[in-house]
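Scroll down for the structure; my scribbles are underneath it.
Rule-based calculations on the coordinates, nothing more; no lab input. Please read these numbers as outputs of a predicted model, since none were measured by experiment. Positions of Cβ are backbone-derived with ideal geometry, glycine not excepted, and every protein chain shown enters the neighbour counts.
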Amino acid sequence: MSIKENLNKLNTQLPHHVTLVAVSKTKPVSDLMEAYNIGHRIFGENKIQEMVEKYEEMPKDIKWHMIGHVQRNKVKYMAEFVNLIHGVDSLKLLKEINKQAKKHDRIIDCLLQIKIAEEDSKFGMSSKEASTVLQSEELSKLKNIKITGLMGMATFTDDMSQVEKEFKFLKSTFEDLKQLNTFNCELKTISMGMSGDYQLAIDCGSNMVRIGSSIFGERNYNN
């Protein structure tokens, strides 16, 4: 199936309240433009350099989401245009995003990444760490960021009961943290679910899914 057919099929399947982030990492601009030309505007990249290059080439009404692990020294390259940063896993990173956003007179939306998987390779905060960050005085001083939700990556496994347990944990963490009435934080987004498990994620409360291969086909990492 073509990118157009894949996207149209997905758009008919997804509930209205769910935002689709088209994960375009490793894909050429021509593929992204195919999606753009049928009306898609939200693209997710996991490498800042690649996202910057695509941003410079593509129309400026696109909303760019940084979905990969973020190194603090690279925040400055995307601060001018990034729409949402999914993988925020420390207060230090929030401070750097705030600092760079301020230079461009912007407020950058961020999602706190919660570690829900059992794999050591996954980044993220514990729910307790997230709660501490949200209630910290330091966070209240950061005027150029806004925490708008949580993101989680499930364990890479065929055991869907394990994945479901992790998704439900993220949803319950979201509900707990939402009770904290803190400055520059308005939790409304739960970013969880990818090509292989987005239906389950939505059933568990996700309202933002990150889908790549089901739109663009398998990734080519040899480029």
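Remarks
- Placing a pseudo-label 7 Å from each Cα along the Cα-to-Cβ vector at MET160 and SER195 gives an inter-label distance of 1.8 nm.
- Order of ASP109, ASP31, ASP158 - criterion: other Cβ atoms within 10 Å of each residue's Cβ, fewest first: ASP158, ASP31, ASP109
- By the equivalent-ellipsoid construction on the alpha carbon gyration tensor, the chain comes out with semi-axes of 26, 22, 15 Å, ordered largest to smallest.
- Length available on full extension from ASP31 to ARG72: 0.36 nm per residue minus the Cα-Cα distance, which gives 11.8 nm.
- Among the listed pairs LYS60/LYS141; LYS25/LYS141; LYS74/LYS141; LYS92/LYS128; LYS92/LYS143; LYS27/LYS74, those beyond 24 Å (Cα-Cα): LYS60/LYS141; LYS25/LYS141
- 5 angstrom amide H check on SER191, placed H, neighbours 5+ away: LEU150, MET151, GLY152
- Gain in span if fully extended, LYS102 to VAL18, counting 0.36 nm per residue against the direct Cα distance: 27.2 nm
- FRET efficiency for THR182 and MET1, using Cβ-Cβ distance with R0 set to 45 Å, rounded to 0.05: 0.50
- Net charge, LEU200 excluded, C-beta distance under 13 Å - Lys, Arg +1, Asp, Glu -1: -3
- Pairwise centroid distance, computed over Cα atoms, of region 136-179 with region 92-123, Å: 12 Å
- Net lengthening on full extension, GLU53/GLN135 (0.36 nm per residue, minus Cα-Cα): 25.9 nm
- Cleavage-rule hits (trypsin sites (Lys or Arg not before Pro)) in region 4-95: DSSP loop, at most 11 neighbouring Cβ within 10 angstrom: LYS60
- Shown in residue order for region 11-26 are the 3J(HN,Hα) couplings computed by the Karplus curve 6.51 cos²θ - 1.76 cosθ + 1.60 at θ = phi - 60°: 5, 7, 7, 6, x, 4, 7, 9, 8, 9, 9, 7, 7, 10, 4, 6 Hz (x for Gly and Pro).
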